[in-house]
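See below for the structure under consideration.
The values are calculated or read from the model by the stated rules, or taken from the named source; none is laboratory data. All figures in this text were calculated on a predicted structure; none of them were measured in a lab. Every residue, glycine among them, receives a Cβ derived from its backbone with ideal geometry; neighbour counts consider all protein chains shown.
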Amino acid sequence: MISAGSIVGKKEFEGPLGNLFDMSGEDNLFGEQTWEAAESRMQKEACVLALEKAGIDAKEVRYLYGGDLLRQGIATSMGVEALQIPMFGLYGACSTSGEALALGSMAVAAGYGEYMLAVTSSHFGSAEKEFRFPLAYASQRPLSAHWTVTGSGAFLIGKKRSHVRVSGVTVGKIVDYGLKDSQNMGACMAPAACDTILQNLKDFGRQESDYDRIITGDLGYVGQTILFDLVRKKGKDIKQNHMDCGMTIFDQQRQDTHAGGSGCGCAAVTLAAYILPKIESGEWRRVLFVPTGALMSTVSFNEGESVPGIAHGIVLEHC
């Protein structure tokens, strides 16, 4: 993990991690006319930040792995177009940052290129319009609902020596407990997070305490409680070293975000601005980063389908 760039909206900047982000916008439009164009702008700026920090030109990057929450991944395709890097468009809902990091790391390890770029984004305005109601509708949100993070995180991965390395990957499986409440994504994603965490511990022969932090992406307050219960039923306990990005990025009481943050940008910007610096400094020696996603669309929801979850585990170590 050579470098990272993070850009967030006004609400995220006003949260507990505000001063740690590289860039923030005052009106969440970032100089554009639409929410979707603003999200594309964030992706481009995050990639440029990551490249500039490393002193690497876009032409040196072999592949870009990117994704977002919008139909056909338009925020990514329109956002990174100007960079002219060969691109793989991804969709793993809010777990997409983990998917991008996993694929980018494997590509570097396999020798397919010296540098890979992983980027994801989300935007509160575009996500509400896509999956729920336009903001002008002013619908009331239930207490189990998440607040989609307006933000984008980009990561440059390569063979160049740095203080953080990706030492392992646990690719998640789709887990479906039959839940149909799209406003309670924490409950939909918690079973997948449990499955990936337990699989990681089994595959690597580790205990919960072998990680300084086990960090989920977007479970929030509701999903965290469910995760703890599910993990305990399997004979494990991660309560002492668990952290959730959706609970960290906002102040629940002061900012009124109900269950916490979510979106492709939630785990990405928290990793870039908060988690990586702690690993780089050696404060955390080994971390299991587990972005979580609720695999739904407006079509599947309107047809009464359940909301499956998926989670990808990325092992990050100080070196």
Query raised in the report: Which of the residues belonging to the range 281-319 are at pLDDT below 95 and aromatic (F, W, Y)?
Result: F301
Query raised in the report: Would the range 80-90 turn up any residue that is more than 16 Å from the chain's Cα centre (by Cα), outside any helix (DSSP H, G or I), at pLDDT below 95 and of a type in the set (S, T, N, Q)?
Result: no
**Report entry** Near pairs, Cβ below 6 angstrom, 6+ apart or cross-chain, from the range 32-46 (over 17 Å from E130 (Cβ atoms)) to any residue that is of a type in the set (S, T, Y) and at pLDDT 95 or above
**Finding:** A46/S152
Query - Candidates L17, L69 - the one that is out of contact with any Cys (no Cβ under 8 Å at 6 or more places or on another chain) and buried (at least 16 other Cβ atoms within 10 Å of the Cβ) - result: L17
Report task. Kindly indicate the residue of the range 218-238 that is of a type outside the set (V, I, T) and under 21 Å from the mean Cα position of the chain (by Cα) and also farthest from S262 (Cα to Cα) among those meeting that condition. Result -> F228
Query raised in the report: Counting only residues that are more than 17 Å from F289 (Cβ to Cβ) and modelled with pLDDT of 95 or more, how many does the range 210-239 have?
Result: 12
Query raised in the report: Are any residues in the range 98-132 over 21 Å from G313 (Cα atoms), acidic (D, E) and within 18 Å of the chain's Cα centre (by Cα), and if so, which ones?
Result: E128
Query raised in the report: Under the condition of being out of contact with any Phe, Trp or Tyr (no Cβ under 9 Å at 6 or more places or on another chain) and of a type outside the set (V, I, T), which residue from the range 294-311 is nearest to L156 (Cα to Cα)?
Result: A311
Query raised in the report: Within the range 281-296, how many residues turn out to be surrounded by fewer than 17 Cβ atoms within 10 Å (Cβ to Cβ) and out of contact with any Asp or Glu (no Cβ under 9 Å at 6 or more places or on another chain)?
Result: 2
Query raised in the report: Quick check: is even one residue across the range 167-179 surrounded by 15 or more Cβ atoms within 10 Å (Cβ to Cβ), assigned by TED's automatic domain parsing to the domain that holds I279 and acidic (D, E)?
Result: yes
Requested in this report: Can you confirm whether the range 93-102 contains a residue that is modelled with pLDDT under 95, in contact with an Asp or Glu (Cβ under 7 Å, 6 or more places away or on another chain) and either outside the structural domain of T216 (by TED's automatic domain parsing) or not in a helix (DSSP H, G or I) (or both)?
Outcome: yes
